Amino acid sequence: MLSSLLLSAVGTIRLTACERPWLPAEIGQLTHLRSLHVRYSKLRQIPEEIGQLVHLERLHLDHNHLEALPMSLWQLPNLRYLHLDHNHLTEVPPEIGQLQNLRSLELSMDSNR
């Protein structure tokens, strides 16, 4: 129980060069998370539970292997910085316009797909 309380209070997570190609669905339980950085980590997918991180302001997912993004990502009310460059994305979904507080977007498209 104490570990659950401590984890829910985490404000920032930085993961670099991890070999795990996914984030656990439990990421949605980190209710106070404001900044999530998963870079150079071979990440292939993001769980829908990312949409539960209503306090998230910074999301850095650059230099991974993402081909698509969950629809719940576009529902994050406080997201201000979104870095998606150097992935395998081929389009920007129109739902990105729902991010009313977005101030910085870093994005590059995979032209080889």
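Some observations on this one:
- The listed residue being closer than 15 Å to THR12 by Cα and of a type outside the set (Val, Ile, Thr), out of GLN75, GLN45, GLN29: GLN29
- Scan of the stretch 1-50 for residues that are hydroxyl-bearing (Ser, Thr, Tyr) and at pLDDT below 90, ordered by number: SER3, SER4, SER8, THR31
- Residue identified as in a strand (DSSP E or B), touching a residue at least 24 places away in the same chain (Cβ under 8 Å) and within 19 Å of SER104 (Cα to Cα) among LEU59, LEU69, LEU15: LEU59
- Subset of the stretch 101-113 [assigned to a loop (DSSP other than H, G, I, E, B), of a type in the set (S, T, N, Q) and modelled with pLDDT of 95 or more]: ASN101
- The set of residues from the stretch 23-44 being over 14 Å from ASP62 (Cα atoms) and not small (Gly, Ala, Ser) comprises LEU23, PRO24, GLU26, ILE27, GLN29, LEU30, THR31, HIS32, LEU33, ARG34.
- Whichever residue in the stretch 56-113 is over 18 Å from PRO21 (Cα atoms) and in contact with a Phe, Trp or Tyr (Cβ under 6 Å, 6 or more places away or on another chain) and, among such residues, is surrounded by the fewest Cβ atoms within 10 Å (Cβ to Cβ): SER104
- In the stretch 80-97, the residues that are without any contact (Cβ under 8 Å) to a residue 60 or more places away in the chain and over 17 Å from GLU67 (Cβ atoms) form Cβ pairs under 6 Å with partners that are charged (D, E, K, R) and part of a loop (DSSP other than H, G, I, E, B), at six or more places apart or across chains, as follows: ARG80/GLU57; ARG80/ARG103.
The values are calculated or read from the model by the stated rules, or taken from the named source; none is laboratory data. This one's a predicted model, so the numbers in the text were calculated from it and none came from an experiment. Positions of Cβ are generated from backbone atoms using ideal geometry, with glycine treated the same way; all protein chains shown enter the neighbour counts.
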